[in-house]
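Beneath this line is the structure, given in structure tokens, with notes to follow.
The values are calculated or read from the model by the stated rules, or taken from the named source; none is laboratory data. As the structure is a computational prediction, the values presented were derived from the model and not from experiment. Neighbour counts are summed over all protein chains in view; Cβ atoms, including those assigned to glycine, are modelled from backbone coordinates with ideal geometry. Each accessible area value is taken on the protein alone, full model and side chains, heavy atoms only, with ligands, DNA and RNA left out. Shrake-Rupley method; radii C 1.70, N 1.55, O 1.52, S 1.80 Å.
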Amino acid sequence: MLDTIRARHPGCVALRTLADLDEYDDALHAFARGGSQRDLMVTLFKLGIPANQIRLLASFPGRTLPAVCWE
């Protein structure tokens, strides 16, 4: 299902649940406030976000990508 969402919404982060969406937002906000890049990358990897999107988001604090979920 996530592959279908990714295909239909290129450039968006595809997540499974609203709880994952909250975790994604929390991780990005923590990183933007000076949090650890490592913590950001671990969280995003755990959420199943592809490596290319993780690298893009971790390239500097404050960067975001729109997110969609299928819950």
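Things worth noting here:
- Here the average projected area of the convex hull drawn through the C-alpha atoms of the chain stands at 4.1 nm².
- Placed amide H near Ile49: partners under 5 Å, 5+ positions off or other chain: none
- Value of relative contact order over the chain, rounded to a whole percent, pairs C-alpha under 8 Å and six or more apart: 47 percent
- Ranking Val68, Val13, Val42 from most to least accessible surface, computed with a 1.4 Å probe over the protein chains only, gives Val42, Val68, Val13.
- Evaluated with a Cβ-only charge set (Lys, Arg +1; Asp, Glu -1), the chain carries a dipole of roughly 300 debye about its Cα centre, given to the nearest 20.
- The chain, accessible area per residue, ligands and nucleic acids excluded (1.4 Å, Å²): 62 Å²
- Listed residues Leu40, Leu57, Val68: farthest to the positive end of the dipole of the chain (Cβ charges): Leu57
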